[in-house]
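Below you'll find the structure, written out as structure tokens, and then a few comments.
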Amino acid sequence: GDLIPVQAQPGLADGRLVQLGIRPEHATLTAPGHGRVDARIESIEELGAARLCNLMVDDIPFSLLTEARPALAAGDNVGLGFAVDRSHLFDGETGRRIGREVETRAEVKADSASS
């Protein structure tokens, strides 16, 4: 797979297996070789004002929601762009979100301090 650099976060150690989560509306289509990773279009669903593009990144399914209307078809190769700061990391073994525990504790602490 591709290596994607991410910012250091509590609970994230070098070499730790993680899953990268990106919301379909936070990704963009680019020309092949010009995104963070390349993908293959499996299908495109027309949803009125938007399109849901079902992609495969290597053997990993990914959905992308876009208002763009480039001429694309199943089997086409595309690039996939996204901002790393809009992504979420999950522990590769447990599936738990990395960094969420720290955010939740900070919110609880802030709420109890204002009472």
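The values are calculated or read from the model by the stated rules, or taken from the named source; none is laboratory data. All values derive from a computational prediction rather than experimental measurement. Remember, those area values only see protein heavy atoms, side chains included, never the ligands or the DNA or RNA. Shrake-Rupley method; radii C 1.70, N 1.55, O 1.52, S 1.80 Å.
Scalar couplings 3J(HN,Hα) for the range 47-54, obtained by applying the Karplus form with A = 6.51, B = -1.76, C = 1.60 to θ = phi - 60°, are 10, x, 6, 10, 10, 9, 9, 9 Hz; x denotes Gly and Pro. Segment residue 91..residue 71, full-extension length gain: 3.5 nm, with 0.36 nm per residue of separation and the alpha-carbon distance subtracted. Note on surface exposure: 59, 76 rank 59, 76 by accessible area, highest first, 1.4 Å probe. Using θ = phi - 60° in the Karplus curve 6.51 cos²θ - 1.76 cosθ + 1.60, the 3J(HN,Hα) couplings for the range 26-31 round to 9, 10, 10, 8, 9, 5 Hz; x is entered for Gly and Pro. The amide H of residue 98, built 1.01 Å from its N in the peptide plane, has 89, 90, 91 as neighbours under 5 Å, considering only residues 5 or more places off or on other chains. Carbon-plus-sulfur accessible fraction, the range 22-68 (probe radius 1.4 Å, protein heavy atoms only): 51%. A cut-off of 5 Å between modelled amide H atoms, ignoring neighbours fewer than 5 places along the same chain, links residue 76 with 41.
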